[in-house]
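Asks: The structure under discussion is supplied below as structure tokens; questions concerning it will follow.
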Amino acid sequence: MISPIPTDVFDPKIELTWQQHIKHAIRTPEALARALNLPIPQGQSNQTKSTFPLFAPLPFVSRIQPGNPQDPLLRQILPTIDEQESAAGYVSDPLKEQEYATLPGMLHKYESRALLVVNGTCAVHCRYCFRREFPYQESLQSAGNWELAIEQIASDTSLQEVILSGGDPLTIVDETIAKRIQQLEKIKHLQRLRIHTRLPIVIPQRITSQLIEILNTTRLAPVIVVHANHPNEIDPVVTSQLQLLSQSRATILNQSVLLRGINDDVTTLIDLSQRLIQCGTAPYYLHQLDPVSGTQHFHVPIERGRELIRQMRNKTSGYLVPRYVQEQPGQGAKTILD
Ligand SMILES: *Cc1c(COP(=O)(O)O)cnc(C)c1O
Ligand code: SF4
């Protein structure tokens with residue numbers, strides 16, 4: 001089922017660490033096309049190079065069917081000329097997130113929760129990403145604002161939960177994560193620590209024994225929200241690593257984005273939920289795509305999304321049906337669409 005890892009990059013028999021996988025990630029459409037036996041793209045690649053270049057590590061690429069330009073994982077990572085088009089209502093910051101920044105890198109939008117934009121680095125570049133235009137110099141890491149964020153959280157007793165987001169907070173090494181969590185757990189009013197990360201899906205080797213140890217020993221209740229959109233993302237290695245993670249104290253949830261041509265059919269969505277639950281991971285949210293410039297070709301109408309959720313509910317267990325949600329600027333909670 002898994003296609004061979006491209007041997008022109010390195011010997012597939014050698015096991016790499018997650019950091020090595022990031023280092024050896026594919027970074028150009030030409031290299032990706034060569035690895036997957038696809039026609040070499042002509043002249044498209046330069047246009048997206050500077051702002052949001054292709055970035056895909058081999059464990060993710062190995063789940064793409066070679067020679068299939070419509071592969072649902074390929075479509076998530078390969079820049080296309082559709083991204084150059086502009087469409088009415090698609091803007092660079094549709095959620096007006098910056099208005100909720102209490103300092104660069106910290107968003108306090110929802111009651112009792114603070115979201116920390118820990119860094120701007122991801123282990124994969126998803127073409128539909130709502131943060132593709134985020135000013136990542138305003139992440140805590142690059143602004144050097146960690147201590148300030150800790151002070152603000154400590155002084156606001158209405159906060160019960162801190163959400164580590166990014167970028168992808170798990171691109172940071174375990175030693176640093178452990179230090180950050182030690183700082184957070186000293187704040188008495190905090191009860192929960194949530195981590196929003198795509199890394200366990202993209203590079204499952206990221207689930208290290210040290211990370212599991214950190215989750216098992218913190219005073220805070222850990223919640224990990226991973227991000228997979230299609231059942232093909234969950235191969236046997238992802239399955240066994242997520243199962244390992246699910247044996248820790250952490251609650252594991254998944255969020256997906258509803259994407260045209262990728263997961264906008266009921267069979268795919270049910271298959272995804274079934275695979276997730278085999279991994280001890282519960283479907284949490286199905287997000288309506290945020291109208292970020294360059295992503296309009298992924299748009300699925302809300303009526304279609306509602307119909308898909310209705311069909312899921314008729315065909316499968318209630319706990320396999322995620323909440324269909326949308327972020328709306330100025331709202332103090334996500335809007336439930338289903
Ligand atoms: C979605 C979101 C949250 C958390 O929302 P939940 O509904 O609790 O999952 C927190 N902060 C921001 C900025 C968000 O976008
Ligand atoms: S991993 Fe998440 S934040 Fe990073 S590009 Fe993908 S969707 Fe965006």
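The values are calculated or read from the model by the stated rules, or taken from the named source; none is laboratory data. All values derive from a computational prediction rather than experimental measurement. Here the Cβ is made from the backbone with ideal geometry for all residues, glycine too, and neighbour counts use every protein chain on show.
Asks: Suppose we keep only residues that are assigned to a loop (DSSP other than H, G, I, E, B), of a type outside the set (Ser, Thr, Tyr) and touching a helix residue (DSSP H, G or I) at 6+ places or on another chain (Cβ under 6 Å) within the stretch 264-281. Which one would you say is nearest to Gln70 (Cα to Cα)? Reasoning before the result, please.
Replies: At the first step, the residues of the stretch 264-281 found to be assigned to a loop (DSSP other than H, G, I, E, B) are 264-265, 279-281.
Those left that are additionally of a type outside the set (Ser, Thr, Tyr): 264-265, 279-280.
Going one step further and asking which of them are touching a helix residue (DSSP H, G or I) at 6+ places or on another chain (Cβ under 6 Å), we end up with 279-280.
Values: Cys279: 27, Gly280: 29 Å.
Taking the candidates together, the pick is Cys279.
Asks: When you look at Leu259, is it away from ligand 2 (no atom under 16 Å from the Cβ), crowded, with 21+ Cβ neighbours inside 10 Å and either of a type in the set (D, E, K, R) or not in a strand (DSSP E or B) (or both), yes or no? Reasoning before the result, please.
Replies: On the way: away from ligand 2 (no atom under 16 Å from the Cβ): no; crowded, with 21+ Cβ neighbours inside 10 Å: yes; either of a type in the set (D, E, K, R) or not in a strand (DSSP E or B) (or both): yes.
For Leu259, the condition - away from ligand 2 (no atom under 16 Å from the Cβ), crowded, with 21+ Cβ neighbours inside 10 Å and either of a type in the set (D, E, K, R) or not in a strand (DSSP E or B) (or both) - is not met.
Asks: Being in contact with an Asp or Glu (Cβ under 8 Å, 6 or more places away or on another chain) and more than 16 Å from ligand 1 (Cβ to nearest atom) is true for just one of Thr157, Thr208. Which residue is that? Outline the logic, then answer.
Replies: Numbers: Thr157 fails: in contact with an Asp or Glu (Cβ under 8 Å, 6 or more places away or on another chain).
Answer to the check: Thr208.
Asks: Give me the pairs: first residue in the stretch 316-335 and within 20 Å of Ile270 (Cα to Cα) and of a type in the set (D, E, K, R), second residue away from ligand 1 (no atom under 11 Å from the Cβ) and in a loop (DSSP other than H, G, I, E, B), beta-carbon distance under 6 Å, and six or more apart or on different chains, which are they?
Replies: Going by the 6 Å Cβ cut-off, there are no qualifying pairs.
Asks: Further question: Being touching a Gly at 6+ places or on another chain (Cβ under 8 Å) and in a strand (DSSP E or B) narrows it down to one of Tyr284, Tyr324, so name that one.
Replies: Selected residue: Tyr324, the only one of Tyr284, Tyr324 that is touching a Gly at 6+ places or on another chain (Cβ under 8 Å) and in a strand (DSSP E or B).
Asks: Now for a separate question. Restricting attention to the stretch 85-105, which residues are of a type in the set (S, T, N, Q) and more than 14 Å from ligand 1 (Cβ to nearest atom)?
Replies: First, pick out the residues of the stretch 85-105 that are of a type in the set (S, T, N, Q): 86, 92, 98, 102.
Matches in the stretch 85-105: Ser86, Ser92.
Asks: Select from the stretch 141-165 the residues that are within 16 Å of ligand 2 (Cβ to nearest atom) and at pLDDT below 90 and write down the one among them that is surrounded by the most Cβ atoms within 10 Å (Cβ to Cβ).
Replies: Residues of the stretch 141-165 that are within 16 Å of ligand 2 (Cβ to nearest atom), as a first pass: 141-142, 163-165.
Of the ones still in play, those that are also at pLDDT below 90 are 141-142.
Numbers: Gln141: 22, Ser142: 17.
Among them, the one singled out is Gln141.
Asks: Provide a single number: the residues in the stretch 99-121 that are touching a residue at least 24 places away in the same chain (Cβ under 8 Å) and within 16 Å of ligand 2 (Cβ to nearest atom).
Replies: The qualifying residues number 8.
Asks: Could you list, in sequence order, all residues of the stretch 185-204 that are crowded, with 20+ Cβ neighbours inside 10 Å and assigned to a helix (DSSP H, G or I)?
Replies: Going residue by residue through the stretch 185-204, those that are crowded, with 20+ Cβ neighbours inside 10 Å are 190, 193-204.
Passing the criteria: Leu199, Pro200, Ile201, Val202, Pro204.
Asks: Which count do you get for residues in the stretch 243-293 that are under 16 Å from Met312 (Cα atoms) and of a type in the set (Lys, Arg)?
Replies: Residues flagged as under 16 Å from Met312 (Cα atoms) and of a type in the set (Lys, Arg) within the stretch 243-293 amount to 1.
Per-residue answers, yes or no, for (1) among the charged types (D, E, K, R); (2) within 16 Å of ligand 1 (Cβ to nearest atom):
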residue: Gly261; (1), (2): no, no
residue: Asn314; (1), (2): no, no
residue: Gln326; (1), (2): no, yes
residue: Asp338; (1), (2): yes, yes
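Asks: Answer with yes or no whether Leu220 is more than 14 Å from the chain's Cα centre (by Cα) and within 16 Å of ligand 1 (Cβ to nearest atom).
Replies: Numbers: more than 14 Å from the chain's Cα centre (by Cα): yes; within 16 Å of ligand 1 (Cβ to nearest atom): yes.
Yes: the conditions hold for Leu220.
Asks: State all residues of the stretch 164-183 that are within 16 Å of ligand 1 (Cβ to nearest atom) and either among the aliphatic types (A, V, I, L, M) or part of a helix (DSSP H, G or I) (or both); if no residue qualifies, say none.
Replies: So in the stretch 164-183, the residues within 16 Å of ligand 1 (Cβ to nearest atom) come out as 164-169.
The answer is Leu164, Pro169.
Asks: Of everything in the stretch 58-94 that's small (Gly, Ala, Ser) and over 16 Å from His297 (Cβ atoms), which residue is surrounded by the most Cβ atoms within 10 Å (Cβ to Cβ)?
Replies: At the first step, the residues of the stretch 58-94 found to be small (Gly, Ala, Ser) are 62, 67, 86-89, 92.
Checking which are over 16 Å from His297 (Cβ atoms) leaves us with 62, 67, 92.
On the way: Ser62: 19, Gly67: 11, Ser92: 11.
Here the residue is Ser62.
Asks: Mind listing whichever residues of the stretch 122-137 are among the charged types (D, E, K, R) and either crowded, with 19+ Cβ neighbours inside 10 Å or more than 16 Å from ligand 2 (Cβ to nearest atom) (or both)? Before you say what the answer is, go through the steps one by one.
Replies: Taking the stretch 122-137 and keeping what is among the charged types (D, E, K, R), we get 127, 131-133.
Across the stretch 122-137, the qualifying residues are Arg127, Arg131, Arg132.
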